[in-house]
Amino acid sequence: MNKMALFPSLTLLLGLICFPLSAQTGSNAGEVKVKLRLPSDLYFEMAPYRKGLDNIIFRADYLMEGLAIITSDNQTSSILRQAGLSATIQERKTGYLIASPTCDSIVIQDTSIYYFGKGGGDDLSNHIYAAEVKVSFSEDAGLSTKRVRIKDRFKFGVEANKVRSLKGGSSGTMRQPEQEFIKVEPPGSMKVTLFIDEEPRRGNVLVSIFNANNGRLLATLDPKKQGQSFTTKNKVYVFPLIRPYVTSTGTGTKITFQVGDPKVNGSVTASEE
């Protein structure tokens, strides 16, 4: 059975999904479990039609360099980073799939800018990023109200060795491709404000902000709307997530991740074998 939510306002969340990321802890690579709770319009779900007989296979047909396709069965997971790779969901389990443009570079100043998914925006020059997030710290900023109402629980277990933490107080331009995912930590009594521009060429990429302590989804910032910002005193994970577009084919189900009007950042075929 395939499930695809069509409306951003639908936030029915199901299951436990685990996938590996990475984070450098000093000189040693450590592992932590991070819980993220996702609205159903940002992931694809597929259960085996004939339980006990079929495995679900996710095959990457096309991937831009700056896109991570993350698959999971709630216990084990994998990240597909190039076309031709596949992941198998076995033993009568439901398979889940998300697509996240990864962090390409950061300009750290008074207001830091994170760039995700180089060339992923809908632009003929191919220079526009799939997502651009500005981050500022302040003691005086007013806190935002949590925007997303969650009814049921949906978790990701995250192994961390590619997560970069930003705590403020430094400057310069940093490009560390091995640190693909972002955590923001307000220092002391400061609050952090995350905001994005109104930019239709980045449509379908929702910048999702999660409480890093409990995984609750605090806000999704939509580049096709005005005034998209969120202020919090919590440590947060920032994941740009591309809405999946699902169609049926003669060989399985096609999941396409389109940005803008549209530019395909990646596509995956899901089938049972």
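Among the residues of the stretch 129-142, at least one is in a loop (DSSP other than H, G, I, E, B), crowded, with 18+ Cβ neighbours inside 10 Å and modelled with pLDDT of 90 or more.
The residues of the stretch 27-73 that are of a type in the set (A, V, I, L, M, F, W, C), at pLDDT 85 or above and outside any loop (DSSP other than H, G, I, E, B), listed by number, are L42, F44, M46, I56, I57, F58, A60, L63, L67, A68, I69, I70. Kindly check whether there is at least one residue in the stretch 192-205 that is buried (at least 21 other Cβ atoms within 10 Å of the Cβ), modelled with pLDDT under 95 and charged (D, E, K, R). Checking the stretch 192-205: not a single residue is buried (at least 21 other Cβ atoms within 10 Å of the Cβ), modelled with pLDDT under 95 and charged (D, E, K, R).
Condition test on D110, is it of a type in the set (D, E, K, R), in contact with a Phe, Trp or Tyr (Cβ under 9 Å, 6 or more places away or on another chain) and surrounded by fewer than 21 Cβ atoms within 10 Å (Cβ to Cβ)?
In short, yes.
Taking into account only those residues within the stretch 59-85 that are small (G, A, S) and open to solvent by 30 Å² or more (accessible area, probe 1.4 Å), which is farthest from G266 (Cα to Cα)? The selected residue is S77.
Flag set for G266, criterion: closer than 19 Å to A99 by Cα, small (G, A, S) and at pLDDT 95 or above.
The values are calculated or read from the model by the stated rules, or taken from the named source; none is laboratory data. Since this is a predicted model, take the numbers as computed values, not measurements. No Cβ is skipped: glycine too gets one built from the backbone with ideal geometry, and neighbour counts run over all protein chains shown. Calculation scope for accessible area: heavy atoms of the full protein, side chains included, ligands and nucleic acids excluded. Shrake-Rupley method; radii C 1.70, N 1.55, O 1.52, S 1.80 Å.
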